[in-house]
Amino acid sequence: MPRGDVVSMAPDRRRQLLRTAAREFAEAGYERASLNRVLVACGMSKSSFYHYLDGKEALFDLVVSEATAAMSDALAVPSAAELGDGDFWPAIARLLDQLLTLDETAWFEDFGRMVHLADAPPASSLARFLAGIRAWLDQALDVGRAGGAVRTDLPASLQTQLVLAVLLAMDRWSLTQQPSADPATRHQLAATQLDTLRRLLDPAVHPAAPTPSLR
């Protein structure tokens, strides 16, 4: 947890610490990440670091908290109400375009790789971030089902699990297999991924099969 007022750290120094730590966690994973490497790269003494934070887990949490706050400021995430009135899929497409713009920034790309770490602390801010995504998906899919934009022949909880798994798999693949793709390639891949997601969910694209008789 923070020991001192982290906000009082000089902005440039704070920015360098967060971005260096994000790169270290993204490349090495949580367990293998070296706090010493981060501090050496930042030219920061251990005594200075421990004045603000009590260790590697606190730094990990700070990176996640700062990245998610910056994402929240940069993204116009549609509310459940904004997904209604026939605007469900266009709104999802606009959100995807915004995410692609963020991914072109190294800071957010490193955070994106952190999201997929298998060894992240279970009680970290990352777990809360993923829980927030799931909660938003629950609401978004509820609106989509009510408005006819999302198929209704699957249990709602199963549908959320499927969508979250597909989204995370797509994101993980994009970050690991095409980390240096040019913007045009990324946008083309994102359009194909959105089409794949729509084929999974949109009843207009994938009409539900007739429900078999139970007699």
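The values are calculated or read from the model by the stated rules, or taken from the named source; none is laboratory data. Since we're looking at a predicted model, the values are computed, not measured. Ideal geometry is used to build each Cβ from the backbone, glycine not excepted, and the neighbour counts take in all protein chains shown.
Things worth noting here:
- Those helices (runs of 4 or more DSSP H) of the range 1-64 in which at least 3 residues are at pLDDT 95 or above, considering only elements entirely within it, cover 11-32, 35-42.
- Pairs with Cβ under 9 Å, 6+ apart, first in the range 161-186 and of a type in the set (Val, Ile, Thr), second at pLDDT 90 or above and exposed (fewer than 13 other Cβ atoms within 10 Å of the Cβ): Val166/Thr196
- Residue within the range 150-160 that is closer than 27 Å to Tyr30 by Cβ, at pLDDT 90 or above and within 12 Å of the chain's Cα centre (by Cα) present: no
- Identity of the residue in the range 124-167, outside any helix (DSSP H, G or I) and of a type outside the set (Gly, Ala, Ser), that ends up nearest to Ala58 (Cα to Cα): Pro155
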